[in-house]
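The values are calculated or read from the model by the stated rules, or taken from the named source; none is laboratory data. From a predicted model like this one, the values you see are computed outputs, not experimental measurements. No Cβ is skipped: glycine too gets one built from the backbone with ideal geometry, and neighbour counts run over all protein chains shown. We work out accessible area using only protein heavy atoms, side chains counted, and drop any ligands, DNA or RNA first. Shrake-Rupley method; radii C 1.70, N 1.55, O 1.52, S 1.80 Å.
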Amino acid sequence: MDGGALSSSIEITSKLPTNQRAALEQLLFFNVNQHRVRVGIQQSIETYGVPEIYEQDGGLRVRVGDIDGVQTLFAISDMGRPVGVAVFVRSAHERFAVLHLGVEPRLSATPEVNTRVLLKLMHEIRSAARRTRGVDRIELVYKDRHAVRLHG
């Protein structure tokens, strides 16, 4: 498959149909790339709780522990299949914390598509942060708590 065709048709949405539960479980819980960020995942779970998929308003959502206000973004292919997921929450008043980030393992074979999915998800989180009064940074829990400052 030509990576260009796939990457151009990736859409970001906060709604995922319930028939995509198995694909979402695969992304969140059984991702073969998780060994790369295992320490970060453990830190996130210890700090915030375990992610859990649930249904709301006819779609799938992700909650983490008993934290309020958790938001989820899905990167979906033109076939409607989730190829990436980002779970984040406004943690301190001035920051969004990205609790979980996953990309479809098969995209790892085409690193430019993998990167593009991650960049699209992060771009969308950054846009949401900019629209949220008072938020000036995004913290990636996996990356030893590095905060990404929002400029402009």
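Details
- Within the range 70-92, one or more residues are at pLDDT below 85, buried (at least 16 other Cβ atoms within 10 Å of the Cβ) and touching a strand residue (DSSP E or B) at 6+ places or on another chain (Cβ under 7 Å).
- The criterion of at least 1 residues that are free of Cβ contacts under 8 Å to residues at least 40 places away in the same chain is met, among strands (runs of 3 or more DSSP E) falling completely within the range 49-110, by 51-56, 59-64, 82-90.
- For the range 55-69, filtered to residues that are open to solvent by 10 Å² or more (accessible area, probe 1.4 Å) and touching an Asp or Glu at 6+ places or on another chain (Cβ under 9 Å), the residue that is farthest from residue 23 (Cα to Cα) is 65.
- Selection from the range 28-54 of residues that are at pLDDT 85 or above and open to solvent by less than 30 Å² (accessible area, probe 1.4 Å): 51, 53
- The lone exception for residue 143 - which of (1) modelled with pLDDT under 85; (2) assigned to a helix (DSSP H, G or I); (3) not aliphatic (A, V, I, L, M) it fails: (2)
- Looking across the range 112-140 at every residue that is open to solvent by 100 Å² or more (accessible area, probe 1.4 Å) and assigned to a helix (DSSP H, G or I), the one that is modelled with the lowest pLDDT is identified as 112.
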